[in-house]
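The values are calculated or read from the model by the stated rules, or taken from the named source; none is laboratory data. Being a predicted model, the structure only gives us computed values, none of them experimental. All Cβ positions, even for glycine, are placed from backbone atoms using ideal geometry, and neighbour counts span all protein chains on display.
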Amino acid sequence: MKPVELLGQQLAPDRTLLKLICHGDEYLILSDNQPLMSSRMHGSEEALATFACQHARGVANPNILVGGLGMGFTLRAALDQLPRNATVVVAELLPAVVEWNRGPHGPLAALAGYPLHDPRVRVEVADVAIILRGNPQQFDAILLDVDNGPAAFTAPQNSALYDAQGIAAAHAALKPRGDLAIWSARDDAQFAHRLRQAHFTVTVEHVRANAAANRDANRATNHPAKKKGRNRGPRHTIFLAHKSPQFGGA
């Protein structure tokens, strides 16, 4: 049986204990000993960035906000989508998570190809809600990968990101035609309704947690004669909310 190695831990402000462990070649972040994320399942995080950056990558000097660093996969996928003149602000509440992702000694740094080394990246060790409220009409895209999405379970205060006031703050922080993309462990029709009430145009995407499964699905869609690969990993939900120019204040 492969041993489990504790690589780091930190108490969140609400006293939730986050641990980084290694089990064989898999890294996991636990929240009060419950799995929060795994290095083996990051396809939906990559999909989050792909959907969010579709418009921003065509904008001159795009400015992007990533809420939640995690294991760096969302950030890496966003950087891969964006031009060299982009600015990517990463808001991460816990200093330990940032240090786990910093090279050369951060245990997670190499997993996503050292995204914090990219000169386009600026890290803010802060609550993403504070960044949203303090930066009106600043971002071409906002990516939220915080907790389990609208059904927050790691820290109850995270749910404030997804209530009416939190959605309004995200709307105000976007430039006209900006996009808000939100990762969620599950579908949530009520949350999609709240987004529409906040004057977003909303689409909902369902993707596999396993990146290879998503590639198989895309190949099957583009080439119907090919059989779909075996479904691997759970499905996650991406809420993509587009800000109409008529509500952009410009």
Within segment 80-93, considering residues that are surrounded by 17 or more Cβ atoms within 10 Å (Cβ to Cβ) and assigned to a loop (DSSP other than H, G, I, E, B), the one farthest from the chain's Cα centre (by Cα):
Ala86
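Among what's in segment 94-119 and is in contact with a Lys or Arg (Cβ under 7 Å, 6 or more places away or on another chain) and outside any helix (DSSP H, G or I), pick the residue that is farthest from Ala12 (Cα to Cα). Before the answer, list the steps.
Step one: of segment 94-119, the residues in contact with a Lys or Arg (Cβ under 7 Å, 6 or more places away or on another chain) are 109, 112-113, 115-116.
Adding the requirement that they be outside any helix (DSSP H, G or I) leaves 109, 112-113.
Numbers: Ala109: 21, Ala112: 24, Gly113: 26 Å.
That would be Gly113.
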Select from segment 50-71 the residues that are within 18 Å of His236 (Cα to Cα), in contact with a strand residue (DSSP E or B) (Cβ under 6 Å, 6 or more places away or on another chain) and part of a helix (DSSP H, G or I) and list them in ascending order.
Phe51, Ala52
Since Asp127 meets every condition but one in (1) surrounded by 16 or more Cβ atoms within 10 Å (Cβ to Cβ); (2) in contact with a strand residue (DSSP E or B) (Cβ under 9 Å, 6 or more places away or on another chain); (3) modelled with pLDDT of 95 or more, which condition does it not meet?
(3)
Criterion first (without any contact (Cβ under 8 Å) to a residue 40 or more places away in the chain, among the aliphatic types (A, V, I, L, M) and in contact with a Cys (Cβ under 7 Å, 6 or more places away or on another chain)) does Leu28 satisfy it?
no
Test Arg76 against the stated conditions and say whether it is among the basic types (Lys, Arg) and either at pLDDT 95 or above or within 20 Å of Leu7 (Cα to Cα) (or both).
yes
Residues of segment 155-186 satisfying the condition of being of a type in the set (Lys, Arg) and farther than 23 Å from His236 by Cβ:
Lys175, Arg177
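Based on what the data block shows, is Leu36 touching a Cys at 6+ places or on another chain (Cβ under 8 Å) and either surrounded by 18 or more Cβ atoms within 10 Å (Cβ to Cβ) or within 23 Å of Leu11 (Cβ to Cβ) (or both)?
Values: touching a Cys at 6+ places or on another chain (Cβ under 8 Å): no; either surrounded by 18 or more Cβ atoms within 10 Å (Cβ to Cβ) or within 23 Å of Leu11 (Cβ to Cβ) (or both): yes.
Judged against the criteria, Leu36 is not a match.
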Does Thr74 satisfy the condition of being of a type in the set (S, T, N, Q), in contact with a His (Cβ under 9 Å, 6 or more places away or on another chain) and surrounded by 14 or more Cβ atoms within 10 Å (Cβ to Cβ)?
yes
Filter segment 112-130 down to residues that are in contact with a helix residue (DSSP H, G or I) (Cβ under 8 Å, 6 or more places away or on another chain) and at negative phi, then give me how many there are.
11
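When you look at Glu99, is it more than 22 Å from Lys175 (Cβ to Cβ) and surrounded by fewer than 19 Cβ atoms within 10 Å (Cβ to Cβ), yes or no? Spell out how you get there, then give the answer.
Details: more than 22 Å from Lys175 (Cβ to Cβ): yes; surrounded by fewer than 19 Cβ atoms within 10 Å (Cβ to Cβ): yes.
Yes, satisfied.
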Checked against (1) crowded, with 19+ Cβ neighbours inside 10 Å; (2) of a type in the set (Val, Ile, Thr); (3) modelled with pLDDT under 95, Ile238 satisfies every condition except (3)
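Residue-wise test of (1) closer than 25 Å to Arg57 by Cβ; (2) of a type in the set (Asp, Glu); (3) assigned to a strand (DSSP E or B).
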{"residue": "Gln137", "(1), (2), (3)": "yes, no, no"}
{"residue": "Ala141", "(1), (2), (3)": "yes, no, yes"}
{"residue": "Ser159", "(1), (2), (3)": "no, no, no"}
{"residue": "Gly166", "(1), (2), (3)": "no, no, no"}
{"residue": "Ala170", "(1), (2), (3)": "yes, no, no"}
{"residue": "Pro176", "(1), (2), (3)": "yes, no, yes"}
{"residue": "Phe191", "(1), (2), (3)": "no, no, no"}
{"residue": "Glu205", "(1), (2), (3)": "yes, yes, yes"}
